[in-house]
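Okay, so here's the structure we're looking at.
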Amino acid sequence: MPTQTTEPAREAASPGARPDGAAGAGGRRTGRAKDWARRAPLLPALVFLIVVTQLPFVATVVISFTRWNALAPDHRGFAAFANYRAVFTDPALRSSVGTTVLLTVTVVLVSLVLGLGLALLLDRSFRGRGIVRTLLITPFLVVPVASALLWKHALYNASYGLINGSLTWIWGLFGSDNAPQPDWMTAVPLASVEVSLIWQWTPFMMLILLAGLQSRAADAVEAARMDGATAFDIFRYLTLPHLRRYLELAALLGTVYVVQNFDAVFTITSGGLGTANLPYTIYQTFYQAHDYGRASAQGVVVVVCSLLVATFALRTVSSLLREEVTR
Amino acid sequence: MNRAPLTRRQRRTGSLLGLAAWLCGIAFFLPVAWMVLTSFHSEADAATNPPSLGAGLSLHGYREFFGADSGVSPWPPLINSLTASVVSTLLVLALAVPAAYALAIKPVRKWSDVLFFFLSTKMLPLVAGLLPVYLVAQNTGLLDSVWLLVILYTSMNLPIAVWMMRSFLAEVPVEMLEAASIDGAGLTTTLTRIVAPVALPGIAATALISFIFSWNELLFARVLTGIVAGTAPVFLTGLVTSQGLFLAKVCAAATVISLPVLVAGFAAQDKLVQGLSLGAVK
């Protein structure tokens with residue numbers, strides 16, 4: 001990582017950018033103008049983002065207190081907390097909260113563990129390492145909808161999917177013609193969504209953890225090995241503590257993305273059989289039931305929940321950033 | 001790393017681990033390989049049990065995808081996707097590069113607060129803002145317009161792009177900037193001679209990531225577009241029919257639609273992790 005100075009050092013690097021107390025009124029005015037000149041390049045992005053992302057959230061909060069179903073436009077009015085009461089007492093929504101948590105935790109944890117294993121395998125030199133890395137990244141680069149369709153129709157399908165096809169083939173090798181042919185998407189609906197997402201997210205975890213492994217000081221490992229440390233000791237006492245931040249970062253970013261997943265749930269099970277997560281449920285309330293008020297209240301609940309996750313995520317990223325800055 | 005001569009046992013473990021890595025790589029790649037192989041099978045061969053690996057290859061799936069029988073052309077959605085992704089990526093760069101400059105090269109006061117504001121917008125689920133966006137679009141005639149997607153994709157990728165560009169621009173050596181200002185170099189000289197060489201690879205990587213995320217997006221495109229502005233992912237979900245065989249066609253479509261992302265992703269492999277981790281990991 002490059003050397004970088006701290007904020008005060010940077011400011012000091014351009015003298016005159018900030019007027020000090022000794023400067024006269026004229027100096028202060030040019031100082032303020034310079035401050036604005038510094039801020040100017042930032043403003044378009046900031047204004048754009050506030051208008052496009054923050055205003056809709058404010059509107060969502062307002063609508064969440066409104067009785068508003070698009071199918072009954074005349075019946076519109078102030079609803080106070082009715083929508084929220086409906087949200088918290090709706091068993092379908094409560095189960096979708098559970099589904100979201102289960103789906104996210106399973107996908108993030110399993111792909112984190114698999115990603116760690118793969119990153120450790122790839123952290124050593126062997127023939128064709130670049131090719132293996134490319135093969136492993138591929139699942140992450142398949143368009144998510146395409147991947148969901150691939151799993152649903154080409155792999156899971158009970159009558160001609162690759163999984164059951166392979167079972168028939170393997171049983172056939174042993175002369176049996178009654179191989180088990182489970183209908184994966186109805187037998188284990190949530191697991192089939194999870195497996196397809198784990199397949200897509202493991203490469204992501206692997207990439208971040210591999211970058212972490214490669215930033216580890218090689219001489220410490222070498223010294224430990226010279227002192228007779230076993231491979232497990234090195235992993236437990238050197239690699240893992242070093243990787244902690246990277247594990248946190250990968251888990252939190254993964255959580256942020258997987259919590260919002262819509263494509264896999266929408267495509268593979270259409271939210272049926274207890275696989276409807278929050279984004280899918282909101283989509284359904286809004287798109288199919290046309291209940292704007294309730295959909296907004298659901299949205300507000302989701303935002304509050306993700307703020308909790310986001311606070312932890314931001315703190316982790318912040319500590320990485322501080323480490324970089326003070327280096 | 002290991003300078004001591006390897007014992008035979010160490011070498012054997014080493015090659016076993018290499019083999020394990022290869023097997024994992026192949027296992028993860030297998031579904032994609034199966035998708036591509038199926039796309040080149042006829043519909044009848046694509047839907048057999050057990051799978052017909054050695055069946056003759058055919059371009060039938062691709063011809064179907066391009067509307068040979070149905071007469072439905074995939075070009076309008078592909079062009080919509082391309083427009084939404086490319087234009088929003090250009091907008092993202094136009095907004096993010098100056099912002100990152102203000103955050104990294106000559107940091108404004110409280111620059112890290114600003115940075116975290118950008119990031120926090122990324123943490124909020126998009127779906128929560130969907131309804132107001134829909135209502136505004138309905139009232140302004142932007143519903144089923146690709147330009148609405150351009151605006152939304154820009155806001156979706158802007159925070160990532162600002163973070164990424166900031167981490168690239170932070171690599172610009174401060175001493176050289178100082179030296180340039182002492183030598184009386186103007187802004188243009190500073191930008192072209194010192195900043196650009198460091199920033200250009202970063203801009204390319206940021207553009208690729210932004211392109212990939214826009215190209216992949218389904219939820220907004222599905223809710224906010226219809227017949228006119230539907231994008232490739234929306235088109236893809238519409239290919240599945242309740243009657244007849246469609247597996248080869250769907251695999252062909254999935255392959256074609258994933259191709260730009262695969263190419264972009266492989267090209268930016270080294271920068272991919274930096275982008276996905278918002279510049280926190282290099």
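The values are calculated or read from the model by the stated rules, or taken from the named source; none is laboratory data. Only a predicted model underlies this, so the values are computations on that prediction, with no experimental measurement involved. Note that each Cβ is placed from the backbone with ideal geometry, even for glycine, and that neighbours are counted across all protein chains shown.
Could you identify the single residue in B:33, B:55, B:47 that is touching a residue at least 40 places away in the same chain (Cβ under 8 Å) and out of contact with any strand residue (DSSP E or B) (no Cβ under 6 Å at 6 or more places or on another chain)? Only one candidate qualifies: B:47. Return a yes/no flag: does region B:208-224 have any residue that is away from every other protein chain (no Cβ under 12 Å) and farther than 22 Å from residue A:258 by Cα. For region B:208-224, residues away from every other protein chain (no Cβ under 12 Å) and farther than 22 Å from residue A:258 by Cα: absent.
Just one of the numbered conditions (1) at pLDDT 85 or above; (2) surrounded by 13 or more Cβ atoms within 10 Å (Cβ to Cβ); (3) more than 13 Å from chain B (Cβ to nearest Cβ) is not true of residue A:93: (1). Restricting attention to region A:77-87, the residues being surrounded by 12 or more Cβ atoms within 10 Å (Cβ to Cβ) and modelled with pLDDT of 75 or more number 7.
In region B:49-61 there is no residue matching the filter, namely being out of contact with any Phe, Trp or Tyr (no Cβ under 6 Å at 6 or more places or on another chain), farther than 21 Å from residue A:149 by Cβ and modelled with pLDDT of 90 or more. Can you name every one of the helices (runs of 4 or more DSSP H) wholly within region B:1-100 that holds 3 or more residues which are surrounded by 19 or more Cβ atoms within 10 Å (Cβ to Cβ)? Qualifying helices (runs of 4 or more DSSP H): B:8-39, B:60-65. Considering every residue within region A:109-124, establish whether at least one is modelled with pLDDT under 90, surrounded by fewer than 23 Cβ atoms within 10 Å (Cβ to Cβ) and more than 26 Å from residue B:257 (Cα to Cα). Yes, there is a match, as at least one residue in region A:109-124 is modelled with pLDDT under 90, surrounded by fewer than 23 Cβ atoms within 10 Å (Cβ to Cβ) and more than 26 Å from residue B:257 (Cα to Cα).
Of the helices (runs of 4 or more DSSP H) lying entirely inside region A:25-105, those containing at least 1 residues that are of a type in the set (Gly, Ala, Ser), outside the structural domain of residue A:196 (by TED's automatic domain parsing) and in contact with a Leu (Cβ under 7 Å, 6 or more places away or on another chain) span A:43-49. Restricting attention to region A:214-244, the residues that are closer than 19 Å to residue A:110 by Cα and within 13 Å of another protein chain (Cβ to nearest Cβ) total 1. Close contacts from region A:108-124, counting a first residue that is closer than 16 Å to residue A:238 by Cα and a second that is among the hydrophobic types (A, V, I, L, M, F, W, C) and surrounded by 22 or more Cβ atoms within 10 Å (Cβ to Cβ), with Cβ to Cβ under 7 Å and a gap of 6+ residues or different chains, come to A:116/A:209; A:119/A:206; A:119/A:209; A:119/A:210; A:123/A:210.
What helices (runs of 4 or more DSSP H) completely inside region A:204-297 contain at least 3 residues that are within 25 Å of residue B:277 (Cβ to Cβ) and more than 18 Å from the chain's Cα centre (by Cα)? The qualifying helices (runs of 4 or more DSSP H) are A:218-226, A:240-259. Can you find a residue in region B:36-48 that is within 9 Å of chain A (Cβ to nearest Cβ), modelled with pLDDT of 85 or more, touching a Leu at 6+ places or on another chain (Cβ under 9 Å) and within 27 Å of residue B:241 (Cα to Cα)? Yes.
If you filter region B:102-123 down to residues that are at the interface with chain A (Cβ under 7 Å from one of its Cβ atoms) and part of a loop (DSSP other than H, G, I, E, B), you find that the one that is nearest to residue B:176 (Cα to Cα) is B:106.
Scanning region A:51-63 for residues that are within 9 Å of chain B (Cβ to nearest Cβ) and either over 17 Å from residue B:93 (Cα atoms) or touching a strand residue (DSSP E or B) at 6+ places or on another chain (Cβ under 7 Å) (or both) yields A:51, A:53, A:54, A:55, A:56, A:57, A:58, A:59, A:60, A:62, A:63. Across region B:143-161, the number of residues qualifying as farther than 14 Å from residue B:215 by Cα and under 16 Å from the mean Cα position of the chain (by Cα) comes to 5.
Filtering region B:170-189 for residues that are surrounded by 19 or more Cβ atoms within 10 Å (Cβ to Cβ), in contact (Cβ under 8 Å) with a residue 12 or more places away in the chain and touching a Gly at 6+ places or on another chain (Cβ under 9 Å) leaves a non-empty set.
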